[in-house]
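Below you'll find the structure, written out as structure tokens, and then a few comments.
The values are calculated or read from the model by the stated rules, or taken from the named source; none is laboratory data. All figures in this text were calculated on a predicted structure; none of them were measured in a lab. Quick reminder, even Gly has a Cβ in these numbers, built from the backbone with ideal geometry, and neighbours come from all protein chains shown. Keep in mind that these areas ignore ligands, DNA and RNA; they rest on the heavy atoms of the full protein, side chains included. Shrake-Rupley method; radii C 1.70, N 1.55, O 1.52, S 1.80 Å.
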Amino acid sequence: MLPHEKELVKLLDGKPFALLGINSDGDAATVKKILADQNITWRQAIDEDTSGALATKWNVSGWPTIFVIDAKGVIRYRDVRDQDMEDAVKKLLAEAGA
Amino acid sequence: MRTLFLIAPLALFAGQSGAQQKAAAPQETVSPEQKKLDELLERFNQKRADVLEAYKKATTDDEREKIYAGMPGEDFIPAFKALAVEVKGTDAAAHAWMWVLQLDQDRSEGMTEIVELLLSEHMESEVLADLAGFMLFGSQTLGQGPTLESLDAMIDGSSKKKVQASALFTKGSILLNAKLESSRAEGRKCMERVVANYPGIDSGRGTYADRAAGSLFELDHLQIGKAAPDFEATDENGVKWKLSDYRGKVVVVDFWGYW
């Protein structure tokens, strides 16, 4: 997952695309260290643990869980990984004329 | 980074350590049968800790695989079974039977009989909340009909709120995945009942009511083709952001952990 996500973020730099991580590893300090160690640059939400507020609200029980949302804010794909995720994002970017 | 499924059977019994059971009843004097169960759980947890310790020290994947195969599991079934028979009818027996069910990965221990025994002899035990949770996976072996019957028996037969909530939540989860539209509608009703009637009861990973609300929220708002519901979050630097800040962009929302 991670290597592909990093590649994707690099590849789509400058495009109207955002990768948003909802992290369940712990508090801000814990996550900060992981982000630094792993060279993760994209936006994060600190959701504390696997019973975090966002994970609970969005009924997440397996990690990673992925939603791909188009430029209009509509959920278009769920649980696509790696190449499938990249293809989905590219398709939606093309759709948005980007 | 490994994929983590919280609903895996291993996670189920990992959340049920002997320490937790002891902590739940600090003032009561420990019964002899409970002491026996605690000792067995201690042996189990010690072996588990030893394996994990060795696993951490291993340097090759080959080595790791071999060590991991030594995780306590089915090898403990005879001991739990023997204890359950020995202290028949006690709460410790109910716990021991639950361990047999959870450790029995290849489902060779006569699940139907154990479930029947738990329902007939331990209806008032809170352990049945674990049984109801377990039935989400056990239903494949038990069959959907008998599973739903057992869950109904717990919803109607136990006076324990936690058991009722757990059974209703599992029933809802099973029915929401059903093919029949009418079954799914019934599943929704189960979840609505959990939200309305069972607030604040801990399931081991959030309350049943919150999890049921999550199921309903997913059903209504997180399907493909639905407008993604907005949320507010705080990043690692304490900066607040909202999903709607990214409107106009293609967005991947990635629930993840580095574990």
Only one residue in B:113, B:109 is charged (D, E, K, R) and not in a helix (DSSP H, G or I). Which one?
B:109
Got a number for residues in segment A:46-57 being more than 14 Å from the chain's Cα centre (by Cα) and at the interface with another protein chain (Cβ under 7 Å from one of its Cβ atoms)?
4
Looking at this structure, is residue A:18 facing another protein chain (nearest Cβ under 7 Å), in contact (Cβ under 8 Å) with a residue 40 or more places away in the chain, among the hydrophobic types (A, V, I, L, M, F, W, C) and on the phi < 0 side of the Ramachandran plot?
no
Can you list residue pairs whose Cβ atoms sit under 6 Å apart, with the first residue in segment B:227-256 being closer than 19 Å to residue A:79 by Cα and the second being of a type in the set (Val, Ile, Thr) and assigned to a strand (DSSP E or B)? Count only pairs 6 or more apart in sequence or on different chains.
B:227/A:74; B:228/A:69; B:228/A:75; B:251/A:69; B:252/A:68; B:254/A:66; B:255/A:22; B:255/A:65
For segment A:50-98, enumerate the residues that are more than 21 Å from residue B:205 (Cβ to Cβ) and touching a residue at least 40 places away in the same chain (Cβ under 8 Å).
A:71, A:81, A:82, A:83, A:85, A:86, A:89, A:93, A:96, A:98
Being part of a loop (DSSP other than H, G, I, E, B), at pLDDT below 95 and under 30 Å from residue B:136 (Cβ atoms) is the requirement here; does residue A:25 meet it?
no
Restricting attention to segment B:241-252, which residues are of a type in the set (A, V, I, L, M) and farther than 17 Å from residue A:15 by Cβ?
B:243
Flagged in segment A:48-98 as closer than 19 Å to residue B:234 by Cα, open to solvent by 50 Å² or more (accessible area, probe 1.4 Å) and outside any loop (DSSP other than H, G, I, E, B), in numbering order, are A:53, A:57
Within segment B:203-235, which residues are farther than 30 Å from residue B:133 by Cβ and either open to solvent by 40 Å² or more (accessible area, probe 1.4 Å) or part of a strand (DSSP E or B) (or both)?
B:225, B:227, B:230, B:232, B:234
Is segment B:154-165 home to any residue that is over 24 Å from residue B:205 (Cβ atoms), surrounded by fewer than 21 Cβ atoms within 10 Å (Cβ to Cβ) and among the acidic types (Asp, Glu)?
yes
Given (1) open to solvent by less than 50 Å² (accessible area, probe 1.4 Å); (2) without any contact (Cβ under 8 Å) to a residue 12 or more places away in the chain; (3) at negative phi, index of the condition residue B:143 fails
(3)
Could you list all residues from segment A:58-98 that are on the phi > 0 side of the Ramachandran plot and facing another protein chain (nearest Cβ under 9 Å)?
A:59, A:73
Given the criterion β-branched (Val, Ile, Thr), open to solvent by less than 10 Å² (accessible area, probe 1.4 Å) and free of Cβ contacts under 8 Å to residues at least 24 places away in the same chain, identify the matching residue among B:127, B:115, B:100, B:85.
B:100
Might you check whether a residue that is assigned to a helix (DSSP H, G or I), more than 14 Å from chain A (Cβ to nearest Cβ), among the hydroxyl-bearing types (Ser, Thr, Tyr) and buried (at least 20 other Cβ atoms within 10 Å of the Cβ) occurs anywhere in segment B:174-196?
no
Name, by its number, the condition in (1) modelled with pLDDT under 95; (2) surrounded by 14 or more Cβ atoms within 10 Å (Cβ to Cβ) that does not hold for residue B:108.
(2)
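Yes/no per residue for (1) touching a Ser or Thr at 6+ places or on another chain (Cβ under 7 Å); (2) within 13 Å of chain A (Cβ to nearest Cβ):
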| residue | (1), (2) |
| --- | --- |
| B:153 | no, no |
| B:159 | no, no |
| B:164 | yes, no |
| B:169 | no, yes |
| B:201 | yes, no |
| B:211 | yes, yes |
Checking the condition out of contact with any helix residue (DSSP H, G or I) (no Cβ under 9 Å at 6 or more places or on another chain), among the small types (Gly, Ala, Ser) and over 18 Å from residue B:226 (Cα atoms), which residue from A:97, A:21, A:26 passes?
A:97
Could you tell me whether any residue of segment B:243-253 is at the interface with chain A (Cβ under 7 Å from one of its Cβ atoms) and under 28 Å from the mean Cα position of the chain (by Cα)?
yes
Residue pairs meeting the criteria (Cβ under 6 Å; at least 6 apart or on separate chains; first facing chain B (nearest Cβ under 9 Å), in segment A:29-45; second part of a strand (DSSP E or B) and open to solvent by less than 70 Å² (accessible area, probe 1.4 Å))
A:31/A:23; A:31/A:46; A:42/A:19; A:43/A:20; A:44/A:21; A:44/A:23; A:45/A:22; A:45/B:233
